[in-house]
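Coordinate-derived values only; no laboratory data. Bear in mind the structure is a predicted one, so any value in this text is a computation, not a measurement. Cβ atoms come from the backbone with ideal geometry, glycine included; neighbour counts cover every protein chain shown.
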Amino acid sequence: MEKRELTCIGCPMGCQITVEMDGKEVKDIQGYTCKRGKIYAQKEVTNPTRIVTSTVRVTGNPEVPVISVKTAQDIPKADIFDCVRALKNVTAVSPVKIGDVILHDVCGTGVDVIATKSA
Amino acid sequence: MSECMQADIVIIGGGPAGLAAAVAARDAGEDSILVLERDSRLGGILNQCIHNGFGLHTFEEELTGPEYAQRFIDMAAERKIDYKLNTMVLSISRDKVVTAMNREDGMFQVQAKAVILAMGCRERPRGALNIPGYRPAGIFTAGTAQRLVNIEGYLPGREIVILGSGDIGLIMARRMTLEGAKVKVVAELMPYSGGLKRNIVQCLNDFNIPLKLSHTVVDIRGKERVEGVTIAQVDSHGKPVPGTEEDYTCDTLLLSCGLIPENELSAQMGVEMNPVTKGPMVNESLETNVEGVFACGNVLHVHDLVDFVSEEAENAGRNAVKYVRAMGRPGSRKETGAVPVLATDGVRYTVPVCVRPDYMDDKLTVRFRVGNVYRDHYIAVYLNDERILHRKRQILAPGEMEQVILDREKLKNVPDLRQIRICLEKD
Amino acid sequence: MYDVVIIGAGVSGSAAAREISRFRGNFCVLEKEEDVCCGTSKANSAIVHAGFDAPEGSLMAELNVEGNRMMGELSEELDFPFQRIGSLVICTDERDRGKLQELLERGRANGVPDLRIVEREELREMEPNVSDDAVAALYAPTGGIVCPFLLNIAMAENAAVNGVEFRFNTKVNGIEKTGKGFCIHTNNGDVSARTVVNAAGVYADVIHGMVSREKIHITPRKGEYYLLDKSAGKHVSHTIFSLPTKMGKGVLVTPTVHGNLLVGPTAVDIENREGVNTTASGLAEVAAKASGSVKNVPLRSVITSFAGLRAHEDRHEFIVREAGDAPGFVDCAGIESPGLTASPAIGKRAASIIQDILHLEENPEFCGTRKGILNPSRLSIEERNELIRKHPEYGTIICRCESISEGEILDAIHRPLGAKSLDGVKRRVRAGMGRCQAGFCSPKVMEILAREVPGLTMDQVTKSGGASGLIVGTDKDRL
């Protein structure tokens, strides 16, 4: 049995939650004080995901050297660094509008990286 | 100088507060609005806050800062609200003549009927923190570093120590890590973090960045560029404890040690300040002691969520319109006594600081912060000696703004209402 | 072969350079830093002392009083901020009146004009925030305040305009006497000179020792200060000194020419000649002593703290003379307080010694005046709008705390001996010197520097030259 310690982000309480795991299976969740905590813990140990925000270079607009981007949906937490590495060599070409796809299917996650700023 | 321009409402600042105020004022039917923005684009500091987490209350979706800003920029554009960019307001007179300057117009003046202060805030710099040591390159406020990275695409450092666990500091810990820098530690003077819980988990814990509570920087080394800092534990008075020093080699020290409302213009025109918030003292209409001068957003008090800035600013915009409409109408301004709102027993301040029941909407949101971490306490509201609210909270923390809603009918029904008191109670 | 090489571009070296530029010849200033005013001259009390402190008959007393006398006219010729606000030495104990009297008499003997003792009531009228314990004070109406950066920069610029060459980032590693004068070894090659002026501040003894066996020994004496926001600048209207008491020497409290309040310094002898770090104990001492002669000093309004090193010579006396065993080598050494005040007189004295050696012709083209960087806030609105029409850069504010426009920053960069770094800009036009301490304007000033300084790119912009770069790379460059 493996024990995972988590801090709940549902509210400022920050409950310390302990999850007992058997392989990939959740055996027990302790320490939460509301049901949001339990749901958070369940997801966090089985399939933690994050929205990744970053910047990419832009050409064609001397006023704007970089624009901000984000993953259109959350991606697996383990893929965060691969995602930003994949953005390293991406250059957007002005004009770019908010929501334009900057990189399709980043790291095989099926999620696009989109612009969050126009340039 | 060109002759004095006229505008019903002049809004100082085109960030989230100024834009929301402008949009709400236009929607309330005001034609003559001018927004003066010192930067080269609207949106204020949100333009550099490229992380997500904005807009859950306002738009019920999770946006990044630039996206949130763009929604309001678009709303202002749809409503054809006038604005001037790259325009610095130099002074505002008590009779609401705004003196400003830019490259195209030179120095110019606008006679306003109402003014909305929405200048935002600035970060506390190293000097104000009295950190001993050298003064080399490589000491940045977190916001300055954020601008360099997110707007200009430059890295201000590779090995980083962060002092202060305010939200910008936490966000920058993750941001610098994702750009390839090594964030060695975040030190926080207080025994609790000043930032949101989710930022501690997602910006520090996700990347195994240690957070040292009750610690501060006691020395900065390096004459030209930062070469290292020393961190020490502090006692309950915030004084470093000898023998707890730890040296870190780093090329950069980022500071996230508090935000200060930028009220130089307000103070200069005679607006009374609240020493706790460093923002203006306002009544229920978010109006300062200078009649017809309103304040909203971070210039009024520092917020943690932009959604509440927008909401507050919309109120300021609507109230400014009401003020302009009532101007000159005899008897329009009933000088009934304002009822003070007192902050006691763990409540550090309230916005507003007083309420004129005749002028308030049916419901009035009073925002406040507590002065420490409190577990299992009640938020209580008293009208004179009668308790009208007693709400249990498992946790209250200085980093999270709180609010209570006051009901006009309830206030009006109290004969001889002398004070409204908001406090924390153990039971 | 230069006629004169001056080592050091602080106030003494720059004053000497300007005075020497009244003559015809080849002159050069060698400075190890990237700009003028990078050592003792930039971190001090910014005070123009009246001249009652130094012992009667000393060179220090003579040059102090002379420098004070020169400062008014010089500030007009060279257009730098100087205000004769007067100084007060506060006595808080009746038993110390004797010391106050001593100062008065010494000052009179030194030739300080208009000194007098003011009593309790008049003192409170002059200075309402003086300590409740104050019983009397020595009032010196000729005391003043000056911008040390602009004094230094103005003298250096004027010297440059009159033909003096300035070599920055040039450190003197050794000096050899040659038959015709001196060969100066630097990190940028050798420089030969008929005469040398040693104005090397805390290094003056090291430079002196390269050619002379006469003993000079300098100890860096650290002084730490607090600078307070302009909201505190009117707390006092004179420079307030304390009489030394049993508790030791007090700190001074003074307005600055830019409207801030300055409190300090401490005095601690150290070994490190580059040791300009502040210390917890030093800052605590300043805070504790701030209330010695002035009450309710609003230390909550501190915007920055800093430390400077005074070049204290063992004899506590200025050494401005030709070395006995090195003809043609003129020292300006031991220039500690009141060195800033005395600097114009020190420069004049050094130049006259050089002139006695070299017998140079007068420079008929010498122009002794210089126009400072235009301060638009002093213009009328009409004049300001005219300026913005012609030069729109004056309509863009870059430093919001100090209201500094892009036009002023461009002037700071493009004038003779122009700024090349953030600190260079800051010392010339105060961009970044306000309450946010460059948080907002530094990225903008960096961009302007990168755009305007030939050959400089954004990642090469420094805070203060050398290895003080601000940018270390670009996004994701090492991912």
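See the values below:
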| item | result |
| --- | --- |
| GNM result for chain B, Cα springs below 10 Å: residue of B:66, B:125, B:242 fluctuating most strongly | B:242 |
| Residue B:104-residue A:73 FRET efficiency (beta carbon distance; Förster radius 45 Å; 0.05 resolution) | 0.55 |
| Residue-by-residue Karplus 3J(HN,Hα) for segment C:336-349, coefficients 6.51, -1.76, 1.60, Hz, glycine and proline x | 9, 3, x, x, 4, 4, 7, 3, x, 6, 5, x, 5, 5 |
| Per-residue Cβ neighbour rank within 10 angstrom, fewest leading, B:73, B:162 | B:73, B:162 |
| Average Cα contact separation per residue, chain C, under 8 Å, 6 or more apart, as relative contact order % | 20 percent |
| Residue B:60 paired with residue B:372, simple spin-label distance in nm, labels 7 Å along Cα-to-beta-carbon | 4.1 nm |
| Net lengthening on full extension, residue C:271/residue C:56 (0.36 nm per residue, minus Cα-Cα) | 74.4 nm |
| Of B:211, B:396, B:155, the one that fluctuates the most in a GNM where chain B has Cα springs shorter than 10 Å | B:155 |
| Across B:80/B:322; A:117/C:420; A:117/B:96, pairs whose alpha-carbon gap is larger than 29 Å | A:117/C:420; A:117/B:96 |
| Rh (Kirkwood; distinct C-alpha pairs) - segment A:2-47, Å | 10.3 Å |
| Ratio of Rg to Rh over the protein assembly as shown (Cα coordinates, Kirkwood Rh, two decimals) | 1.00 |
| Cα→Cβ-extended label distance, 7 Å offset, between residue B:267 and residue A:36, nm | 3.8 nm |
| J(HN,Hα) series, segment C:42-52, from Karplus relation 6.51 cos²θ - 1.76 cosθ + 1.60, nearest Hz, glycine and proline x | 9, 10, 7, 7, 6, 10, 9, 6, 5, x, 9 |
| Ellipticity estimate at 222 nm from DSSP helix runs (n ≥ 4, -39,500 (n - 2.57)) divided over chain C, nearest 500 | -9000 deg cm²/dmol |
| Within-13-Å neighbourhood charge of residue C:15 [Cβ basis; K, R +1; D, E -1] | 0 |
| Of B:184/C:42; A:77/C:476; A:70/C:476; A:70/B:84, those spanning more than 22 Å from alpha-carbon to alpha-carbon | B:184/C:42; A:70/B:84 |
| Net charge dipole size for segment B:323-397 [Lys, Arg +1 and Asp, Glu -1 on Cβ; Debye, nearest 20] | 300 debye |
| Whole-Å semi-axes of the ellipsoid equivalent to segment A:53-115 (Cα gyration tensor, √5λ, descending) | 21, 11, 9 |
| Positive-end extreme of charge dipole, segment B:351-413 - chosen from B:405, B:370, B:352 (charges on Cβ) | B:370 |
| Eligible lysines near residue C:99 by straight Cα distance, threshold 30 Å, same-chain separation 8 or greater | C:222, C:234, C:246, C:249, C:289, C:295 |
| Helical mean residue ellipticity (222 nm; -39500 (n - 2.57) per DSSP H run of 4+; nearest 500) of chain B | -6000 deg cm²/dmol |
| Charge dipole (chain C, unit charges on Cβ, about Cα centre) - positive-most of C:266, C:405, C:16 | C:405 |
| Ranked list, fewest to most other Cβ atoms within 10 Å of each Cβ, for B:51, A:104, C:235 | A:104, C:235, B:51 |
| Inter-label distance, nm, simple model (7 Å from Cα along the C-beta direction), residue B:205/residue B:386 | 4.5 nm |
| Built amide H within the under 5 Å cut-off of residue C:218, gap 5+ | C:205 |
| Rounded FRET efficiency, nearest 0.05, which uses the C-beta distance separating residue C:379 from residue C:26 and R0 of 45 Å | 0.70 |
| B:88, B:327, C:155 arranged by Cβ crowding within 10 Å, fewest neighbours leading | B:327, B:88, C:155 |
| Sites residue C:173 and residue B:338 - FRET efficiency at Förster radius 60 Å, r taken between beta-carbons, to 0.05 | 0.25 |
| Computed helical MRE - 222 nm, chain A, DSSP H runs ≥ 4 contributing -39500 (n - 2.57), nearest 500 | -5500 deg cm²/dmol |
| Paramagnetic reach from residue A:4 (point 7 Å along Cα→Cβ, amide N under 13 Å) across segment A:19-33 | A:19-30 |
